[in-house]
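The values are calculated or read from the model by the stated rules, or taken from the named source; none is laboratory data. The structure presented is a predicted model; accordingly, all values stated were derived computationally and were not measured. Quick reminder, even Gly has a Cβ in these numbers, built from the backbone with ideal geometry, and neighbours come from all protein chains shown.
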Amino acid sequence: MSKTFNEISELFSVRVGDEYLGEDVKLVEHMLQCGDLAKSVSAPDYLIVASLLHDIGHLLVDDAAGGHDAEVDKHHDIVGARWIEERFPATVSEPVRLHVAAKRYLVTTNHDYLSKLSHASVQTLYMQGGPLNQEEVIEFISREGAEDAVRVRLWDDLAKVRDKPTSTLLEFKPLIDSLARS
């Protein structure tokens, strides 16, 4: 097994019981569902891995639950992207880095989007800065990986079903290994 896959496997197995900060799903379960949603539409391999790992920052930050309860943004998107960029190309790390900004972008540019967010996502939206202003919208959408981040964000919103059968992490191993830096 590759070193990167082993690191991911360790994080997933140690934190497999963690609830997903106000959502009715466990965090690892949510991440596997998101990866499955990307797979189900035949997304490119890099985007499947980005979807699978988009919330890995929650597994890496200290006391994610405590921060959430205190309404403190622990910047899981940045923490996760930094970890990922040491192991994968930017095509994987940038959608992770931008998936929170993608939520803010979608709230600003799609009037129906806010009503589709879970209660927990609305709560974190405001912890994360709320809707973007027009200058931020232009800046966001011009960034490399922004369109992929929007796709990850939309799958993220759908990947919140407790006890939904998912692929195992091992089933994602070939994709992880093919994209991971040696």
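Going by the conditions given, is ALA65 under 24 Å from LYS26 (Cβ atoms), modelled with pLDDT of 95 or more and small (Gly, Ala, Ser)?
Considered against the rule, which asks whether it is under 24 Å from LYS26 (Cβ atoms), modelled with pLDDT of 95 or more and small (Gly, Ala, Ser), ALA65 comes out as no.
Conditions: (1) farther than 26 Å from VAL25 by Cα; (2) loosely packed, with under 15 Cβ neighbours inside 10 Å. THR108 meets all but one. Number of the miss?
With (1) farther than 26 Å from VAL25 by Cα; (2) loosely packed, with under 15 Cβ neighbours inside 10 Å applied to THR108, the lone miss is (2).
Scan the range 126-150 residue by residue and report those that are of a type in the set (A, V, I, L, M), closer than 19 Å to HIS111 by Cβ and outside any loop (DSSP other than H, G, I, E, B).
Of everything in the range 126-150, those that are of a type in the set (A, V, I, L, M), closer than 19 Å to HIS111 by Cβ and outside any loop (DSSP other than H, G, I, E, B) turn out to be VAL137, ILE138, ILE141, VAL150.
If ASP45 satisfies all but one of (1) modelled with pLDDT of 95 or more; (2) surrounded by 16 or more Cβ atoms within 10 Å (Cβ to Cβ); (3) touching a Phe, Trp or Tyr at 6+ places or on another chain (Cβ under 9 Å), what's the number of the condition it fails?
Checking ASP45 against (1) modelled with pLDDT of 95 or more; (2) surrounded by 16 or more Cβ atoms within 10 Å (Cβ to Cβ); (3) touching a Phe, Trp or Tyr at 6+ places or on another chain (Cβ under 9 Å), the one that fails is (3).
Listed here are the residues, each with its yes/no results for (1) of a type in the set (Lys, Arg); (2) at pLDDT below 95; (3) at positive phi.
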{"site": "LEU11", "(1), (2), (3)": "no, yes, no"}
{"site": "MET31", "(1), (2), (3)": "no, no, no"}
{"site": "HIS58", "(1), (2), (3)": "no, yes, no"}
{"site": "ARG82", "(1), (2), (3)": "yes, no, no"}
{"site": "LYS103", "(1), (2), (3)": "yes, no, no"}
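Of (1) surrounded by fewer than 23 Cβ atoms within 10 Å (Cβ to Cβ); (2) under 15 Å from LYS160 (Cα atoms); (3) at pLDDT 95 or above, HIS54 satisfies all except one. Which?
(1)
Does LYS164 qualify as being surrounded by fewer than 19 Cβ atoms within 10 Å (Cβ to Cβ) and in contact with a Phe, Trp or Tyr (Cβ under 8 Å, 6 or more places away or on another chain)?
The answer is no for LYS164.
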